[in-house]
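Report on the following structure.
The values are calculated or read from the model by the stated rules, or taken from the named source; none is laboratory data. In this text, all values refer to a predicted model and were calculated from it rather than measured experimentally. Ideal geometry is used to build each Cβ from the backbone, glycine not excepted, and the neighbour counts take in all protein chains shown. To get the accessible areas, we keep the full protein, side chains included, count just its heavy atoms, and leave off ligands, DNA and RNA. Shrake-Rupley method; radii C 1.70, N 1.55, O 1.52, S 1.80 Å.
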Amino acid sequence: MESASSMVPFPLLMTPIESTYRACTIPYRFDTDNPRKATPTEILWIDLFLNSVPSFKKRAESDDTIADAPAKAEKFAQRYTEILEDLKKDPQSHGGPPDCILLCRLREQVLREFGFQDIFKKVKEDENSKAISLFRDVVRLNDAIEDAGKRVESLIRGILAGNIFDLGSAQLAEVFARDGMSFLASCQSLVPRPWVIDDLDFFKAKWSRKSWKKAVIFVDNSGADIILGILPFARELLRLGTQVVLAANDLPSINDVTYSELLEIVTKLKDEKGQLMGVDSSGLLIANSGNDLPVIDLTNVSQELAYLAADADLVILEGMGRGIETNLYARLKCDSIKIGMVKHPEVAQFLGGRLYDCVFKYNEFSSG
């Protein structure tokens, strides 16, 4: 990742940042809690990460770029489990107290300690290939919807359906390994509205009257998520004259799409005229967010992204990590959307919703 000195606050965060912004949505502890005793919420989340260790170990074992991958995967699992158990005993250990950002960072650090740089690389490549083959059909289906409000709802549903491809969720990792996932089936089987946070009707009413000049989208997973969910929506914005900046991770984390991977995907989807299915893509920019986790602290983004985002009037944080577990309540100096599927029971419980419920939170900015 870029050096800490080169990272800067996201310029559209509402100021003063220090007093109003907390990256993590769920409060893990309060000032009155015993600093040496893990809170029930901390234990709940440590257990969530413990439950994901077997699926990460399995992916690491199959990493054919690493010599003795099975043995090193076993060491990863043992070491990360030890760290999590330590945090239960003493929440101040390992840079604690723990929250979803620290728990993710420790997992990545241990993986890299044993040489694992991208244990989901093969599955990402396979899913990207499948999704690219479906891109034209998905775009055609949306283009055939003449009513603008119905078309944007279809595009939003596509983002949510694509977002289910998340191998950071232990439950979904099992489902994916067993059955795979169908994008169109996922579109049709989203939980019925109203969703746990559902501003879609409000957004649809604003859609036809809005004219955003620039949108920044913090993207999430590879495969159907980015290719069949985000890119058709970005294409619709481009068609309306909006410049679109897609902000992707610097380094691999779970099955999230990286900056370099996204550049390759977009190149494959463009035709010889530089168009995305008949839409000029010259206004589509790919930015390196500087991030290396499936969650994000908006006080630390790359200078490149900060520069490109400074004059944006719409920011979209997509995915459970970036838009729900972190930043759900982040206040921005422009219109914003937080969108994603709830894939952890712990998050569903906090929000008062259902597992696989959907979040579509739209905040219209008012300078008054």
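The table for this structure:
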{"read-out": "Cα-based helix-to-principal-axis angle, 40-61 vs the chain, degrees rounded to 10", "value": "80 degrees"}
{"read-out": "For W212, solvent-accessible area (1.4 Å; no DNA, RNA or ligand), Å²", "value": "20 Å²"}
{"read-out": "Nearest 10 degrees, 0 to 90: helix 100-113 Cα axis against the chain principal axis", "value": "70 degrees"}
{"read-out": "5 angstrom amide H check on T258, placed H, neighbours 5+ away", "value": "none"}
{"read-out": "Added length on full extension, which subtracts the Cα-Cα distance from 0.36 nm per residue, R354 to D64", "value": "100.6 nm"}
{"read-out": "FRET efficiency estimate (nearest 0.05) - Cβ-Cβ, R36 to L240, R0 56 angstrom", "value": "0.55"}
{"read-out": "Two-site FRET efficiency, E364 against D147, from Cβ-Cβ distance with R₀ of 22 Å, rounded to 0.05", "value": "0.50"}
{"read-out": "Selection from S253, P11, T81, by position along the positive dipole direction of the chain (Cβ)", "value": "P11"}
{"read-out": "Chymotrypsin sites (Phe, Trp or Tyr not before Pro) lying in DSSP loop within segment 75-164, provided at most 12 other Cβ fall within 10 Å", "value": "none"}
{"read-out": "Solvent accessible area, Å² - T15, 1.4 Å probe, full protein context", "value": "90 Å²"}
{"read-out": "Partner aspartates and glutamates for K58 [C-alpha distance under 12 Å; skip if fewer than 8 residues away on the same chain]", "value": "E74, E174"}
{"read-out": "Ranking by accessible area, most exposed first, for R140, R59, R151 with a 1.4 Å probe", "value": "R140, R59, R151"}
{"read-out": "Rounded if a/c under 1.5, otherwise prolate or oblate - segment 249-368, Cα gyration tensor axes", "value": "prolate"}
{"read-out": "Under 20 Å from the Cα of K75 - aspartates and glutamates, other chains or at least 8 residues apart", "value": "D47, E61, D63, D64, E85, D86, E108, E113, D118"}
{"read-out": "Percent of beta bridges antiparallel (DSSP, the chain, rounded to nearest 5)", "value": "35 percent"}
{"read-out": "Degrees, to the nearest 10: 121-143 long Cα axis against longest axis of the chain", "value": "30 degrees"}
{"read-out": "Distant-in-sequence amide H partners of G290 (H built 1.01 Å from N, under 5 Å)", "value": "D250, S302"}
{"read-out": "Computed over the chain, Cα set: Rg, Dmax in Å", "value": "19.9, 62"}
{"read-out": "Entries in K88/K343; K130/K206; K213/K343; K57/K130; K121/K338; K124/K270 that, when Cα-Cα distance is taken, lie over 29 Å", "value": "K130/K206; K213/K343"}
{"read-out": "Sites matching trypsin sites (Lys or Arg not before Pro) across segment 212-244 that sit in DSSP coil, with at most 14 neighbouring C-beta atoms within 10 Å", "value": "K213"}
{"read-out": "Distant-in-sequence amide H partners of D357 (H built 1.01 Å from N, under 5 Å)", "value": "V342"}
{"read-out": "Structure-based [θ]222 nm, the chain - -39500 (n - 2.57) summed over DSSP H runs of at least 4, per residue, nearest 500", "value": "-13500 deg cm²/dmol"}
{"read-out": "The chain: relative contact order as a whole-number percent, Cα under 8 Å and 6+ apart", "value": "23 percent"}
{"read-out": "Order of exposure, largest accessible area first, which applies to E153, E74, E113, E272 with probe 1.4 Å", "value": "E272, E113, E74, E153"}
{"read-out": "Residues of type aspartates and glutamates that K214 reaches as a straight line, Cα spacing below 14 Å, ignoring anything fewer than 8 places off in the same chain", "value": "E236, D311, D313, D335"}
{"read-out": "The chain, accessible area per residue, ligands and nucleic acids excluded (1.4 Å, Å²)", "value": "42 Å²"}
